[in-house]
Amino acid sequence: MISVENLKVEFAAKPLFHDVSFVVNDRDRIALVGKNGAGKSTMLKILCGLQQPTDGTVAIPNDQTIGYLPQVMKLSDDTTVMEETRKAFAGTIKMKQRLHQMQHQMSSRTDYESDEYLQLVEKFTQEHDRYMMLGGDNYEAEMERMLIGLGFERSDFERPTKEFSGGWRMRIELAKILLQNPDVLLLDEPTNHLDIESIQWFEQFLAQSAKAVVLVSHDRAFINNVTNRTIEITCGHIEDYKVKYDEYVVLRAERREQQMRAYENQQKEIADMKDFIERFRYKPTKSVQVQSRIKQLAKIVPIEVDDVDNSAMHLKFPPCLRSGDYPVICDDVKKVYGEKTIFDHVTFTIKRGEKVAFVGKNGEGKSTLVKCIMGEIPFTGMLKIGHNVQIGYFAQNQAQLLNEELTIYDTIDRVATGDMRLKINDLLGAFMFGGETSEKKVKVLSGGERSRLAMILLLLQPVNLLILDEPTNHLDMPSKDVLKEAIKAFDGTVIVVSHDRDFLDGLVSKVYEFGEAKVKEHLGGIYDYLRAHNADTIHEALEGHPQEVPTEVATPEPVVSENKQSFEEHKAQQKKIRKAQKAVADSEKRITKMETRIKALDDLFMSPENASNMELVTEYTSTKECLDKENQYWMEMSEVLEKLENEK
């Protein structure tokens with residue numbers, strides 16, 4: 001369906017990748033993987049014709065159609081949901097208009113026997129047959145089915161798109177692409193603005209209805225459930241694996257191990273040749289052998305070892321001024337769009353130093369309440385920001401708000417003030433933008449790089465209330481871990497809007513659940529919240545209807561203490577597990593060390609001169625005894641660890 005041959009892409013004379021060739025076949029489900037900046041998004045843009053390669057060809061048959069969902073989209077705000085979705089059928093609608101025009105001509109003309117009239121009838125017949133083959137007037141029903149499948153209500157169809165959150169607007173764009181039924185779907189981080197419910201629907205749709213798919217995603221579960229082939233961009237070329245992501249990870253590790261062995265053998269061979277050449281270069285009797293080795297050396301093709309992305313950003317929020325005891329106080333807050341109530345009777349207080357999570361389906365009001373706290377939109381009720389509160393806000397679309405024509409350095413230079421201007425290079429280096437990278441323009445950055453740049457802007461002003469709306473979108477797993485540790489170390493107050501259960505685990509001490517126009521408070525971490533709903537995932541918790549659900553904030557005292565106890569028990573349990581895990585790991589290291597020494601002693605005993613060496617015999621005996629005791633200790637600690645993990 002798509003044939004790529006000898007593709008080469010350069011940025012500022014520096015090759016991104018070269019000699020890339022592969023074919024996208026019907027029913028392929030391809031995960032495009034590689035470290036940040038390897039060129040994954042660039043590859044998708046080339047496949048859909050938005051960007052031209054430096055060299056090589058991309059061959060697409062004329063009758064093949066491509067649907068492309070980019071990471072960053074410029075969304076329209078001047079239409080309704082139905083009007084925006086109808087754009088997917090622009091060609092069909094124009095065809096319908098042409099048919100109406102031809103019908104009008106045929107009914108108004110009387111020259112029925114003329115050649116022109118017969119040609120008009122023939123043209124109308126052909127166009128009408130084509131129109132019916134494309135589904136005819138059924139496109140309205142298809143639009144309704146798709147929007148309802150994506151979670152919209154019929155009452156939403158005539159609402160302006162600007163009333164919807166980023167996740168719901170993303171679904172509208174997704175609906176437009178899927179309704180066009182393209183032969184190849186190119187998806188760049190499609191799950192970033194989708195909740196778990198819509199991700200599961202999307203997985204099912206791709207499995208049942210899509211023809212060919214090429215996607216980039218940091219959502220490991222999503223790409224495992226969707227893909228059957230993995231293409232890795234590494235060392236400026238690609239490696240094509242005909243397996244899903246989890247199997248690729250294993251095969252890649254095996255291949256890299258083989259590469260390392262081959263590389264080490266080649267380096268030893270090269271070193272031996274160079275050593276021979278240096279030793280005998282000036283000996284006439286060895287001149288033939290020396291020249292032979294010089295020729296062999298020149299012919300050696302260096303073995304490349306796959307890149308391992310060990311780069312990591314270093315994130316530490318600057319010290320902040322002390323705020324008042326209660327940074328955010330909500331009392332009977334209500335927000336309405338038209339006739340739709342987003343939330344009502346919202347009453348809660350966030351104390352200084354608390355780290356809380358906002359969870360809920362897309363469109364239930366999480367980002368809307370954040371905008372109310374920021375003072376960006378009107379509302380009814382009382383919402384008070386505490387004394388000396390300085391807010392730092394990271395929005396869902398923060399990366400889209402950057403000036404694409406500026407360089408990375410200029411973006412920071414325009415905002416930095418005072419002493420921070422002297423530390424710009426250090427700051428950029430900590431976020432993996434050091435050296436020549438800082439001169440890149442924003443428009444060439446990947447989604448993950450833009451998110452990191454937006455995070456730097458947040459650090460330039462010391463704040464004591466952080467509001468982070470889906471901060472992990474576009475970030476890879478190592479970057480998520482760094483961000484999480486930085487938030488944990490932050491001594492101010494934090495509100496995190498996220499569906500990422502692993503990211504929230506150990507980070508927040510209170511969860512606010514948005515749903516059915518209400519906001520309910522749950523004391524304890526994210527796993528306490530899930531246990532209260534008897535659920536394994538946030539999605540299950542939001543879908544379920546447990547018998548005992550905490551009230552808005554006026555929770556009875558016994559329940560509060562019980563939740564606190566549950567939270568403390570969970571922390572204590574996790575501490576015991578970590579301690580047992582460390583004991584097992586340390587024991588395994590000691591066992592490995594002793595086994596290595598025993599093997600070395602066995603080798604020494606192979607020599608006759610050491611066979612009766614009493615010092616070695618004594619060491620062997622004592623090491624063996626220690627190893628037996630350590631193995632026994634390891635077994636005991638492993639059983640303890642297994643028991644603790646089963647009690648979770």
Members of the stretch 487-501 that are at pLDDT below 90, farther than 17 Å from LYS351 by Cβ and open to solvent by less than 10 Å² (accessible area, probe 1.4 Å): SER498
What number of residues within the stretch 370-389 satisfy the criterion of being of a type outside the set (Val, Ile, Thr), in a strand (DSSP E or B) and either loosely packed, with under 14 Cβ neighbours inside 10 Å or touching a Lys or Arg at 6+ places or on another chain (Cβ under 9 Å) (or both)? 2
For the stretch 122-150, which residues satisfy the criterion of being open to solvent by 50 Å² or more (accessible area, probe 1.4 Å) and over 27 Å from THR85 (Cβ atoms)? GLU122, LYS123, THR125, GLN126
Inter-residue pairs, beta-carbon under 8 Å, first charged (D, E, K, R) and in the stretch 414-425, second outside any helix (DSSP H, G or I) and open to solvent by 80 Å² or more (accessible area, probe 1.4 Å), 6+ apart: none
Is there a residue being in a helix (DSSP H, G or I) and at pLDDT below 75 anywhere in the stretch 450-471? no
Members of the stretch 280-305 found to be at pLDDT 80 or above and in a loop (DSSP other than H, G, I, E, B), listed by number: ARG281, TYR282, LYS283, ILE300, VAL301, PRO302
If we keep just the residues of the stretch 481-523 that are within 16 Å of ARG352 (Cα to Cα) and among the small types (Gly, Ala, Ser), which is farthest from the chain's Cα centre (by Cα)? GLY492
Just to check your reading of the model, which residue among ALA600, ALA585, ALA541 is at pLDDT 70 or above and either in a loop (DSSP other than H, G, I, E, B) or closer than 30 Å to LEU523 by Cβ (or both)? ALA541
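Every residue, every condition in (1) part of a helix (DSSP H, G or I); (2) at pLDDT 70 or above; (3) surrounded by 15 or more Cβ atoms within 10 Å (Cβ to Cβ), yes or no:
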site: PRO550; (1), (2), (3): no, no, yes
site: VAL560; (1), (2), (3): yes, no, no
site: PHE567; (1), (2), (3): yes, no, yes
site: LYS593; (1), (2), (3): yes, yes, no
site: SER612; (1), (2), (3): no, no, no
site: LEU627; (1), (2), (3): yes, yes, yes
site: MET635; (1), (2), (3): yes, yes, no
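Residues checked against (1) part of a helix (DSSP H, G or I); (2) of a type in the set (D, E, K, R); (3) surrounded by 15 or more Cβ atoms within 10 Å (Cβ to Cβ):
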{"site": "THR368", "(1), (2), (3)": "yes, no, yes"}
{"site": "ASN403", "(1), (2), (3)": "no, no, no"}
{"site": "ILE412", "(1), (2), (3)": "yes, no, yes"}
{"site": "ARG421", "(1), (2), (3)": "yes, yes, no"}
{"site": "LEU428", "(1), (2), (3)": "yes, no, yes"}
{"site": "THR437", "(1), (2), (3)": "yes, no, yes"}
Scan the strands (runs of 3 or more DSSP E) fully inside the stretch 1-99 and keep the ones with 3 or more residues being at pLDDT 85 or above and among the hydrophobic types (A, V, I, L, M, F, W, C). 2-11, 14-24, 29-33
Show the residue pairs that are 6+ apart or on different chains and have beta-carbon atoms under 6 Å apart, the first residue being within the stretch 102-122 and free of Cβ contacts under 8 Å to residues at least 40 places away in the same chain, the second being among the acidic types (Asp, Glu). TYR117/ASP111
For a quick check of your reading of the model, give me the residue pairs whose first member lies in the stretch 363-389 and is under 26 Å from PHE152 (Cα atoms), whose second is at pLDDT 90 or above and polar (S, T, N, Q), with beta-carbon atoms closer than 6 Å and at least 6 apart or on different chains. none
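Would you please name the residue that is nearest to ILE233 (Cα to Cα), looking only at residues in the stretch 9-39 that are basic (Lys, Arg) and open to solvent by 20 Å² or more (accessible area, probe 1.4 Å)?
Only one residue fits best here, namely LYS35.
Determine, yes or no, whether ILE231 is over 21 Å from SER3 (Cβ atoms) and of a type outside the set (Ser, Thr, Tyr).
On the way: over 21 Å from SER3 (Cβ atoms): no; of a type outside the set (Ser, Thr, Tyr): yes.
Criteria not met by ILE231.
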Going by what's in this entry, would VAL444 be described as touching a Phe, Trp or Tyr at 6+ places or on another chain (Cβ under 8 Å), open to solvent by 10 Å² or more (accessible area, probe 1.4 Å) and either under 23 Å from ARG501 (Cα atoms) or of a type in the set (A, V, I, L, M, F, W, C) (or both)? yes
For LYS484, the lone unmet condition from (1) surrounded by fewer than 21 Cβ atoms within 10 Å (Cβ to Cβ); (2) assigned to a helix (DSSP H, G or I); (3) at pLDDT 85 or above is (1)
Given (1) closer than 18 Å to LYS316 by Cα; (2) in a loop (DSSP other than H, G, I, E, B); (3) not polar (S, T, N, Q), HIS474 misses just (1)
Six or more apart or on different chains, Cβ atoms under 8 Å: show the pairs whose first residue is in the stretch 619-634 and over 18 Å from PHE605 (Cα atoms) and without any contact (Cβ under 8 Å) to a residue 60 or more places away in the chain and whose second is among the polar types (S, T, N, Q) and open to solvent by less than 60 Å² (accessible area, probe 1.4 Å). GLU630/SER587; TYR633/SER587; TRP634/SER587
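The values are calculated or read from the model by the stated rules, or taken from the named source; none is laboratory data. As the structure is a prediction and not an experimental result, all values here were calculated from the model. Every residue, glycine as well, gets a Cβ built from its backbone with ideal geometry; the counts of neighbours run over all protein chains shown. The area values use the complete protein model at the heavy-atom level, side chains included, leaving out ligands, DNA and RNA. Shrake-Rupley method; radii C 1.70, N 1.55, O 1.52, S 1.80 Å.
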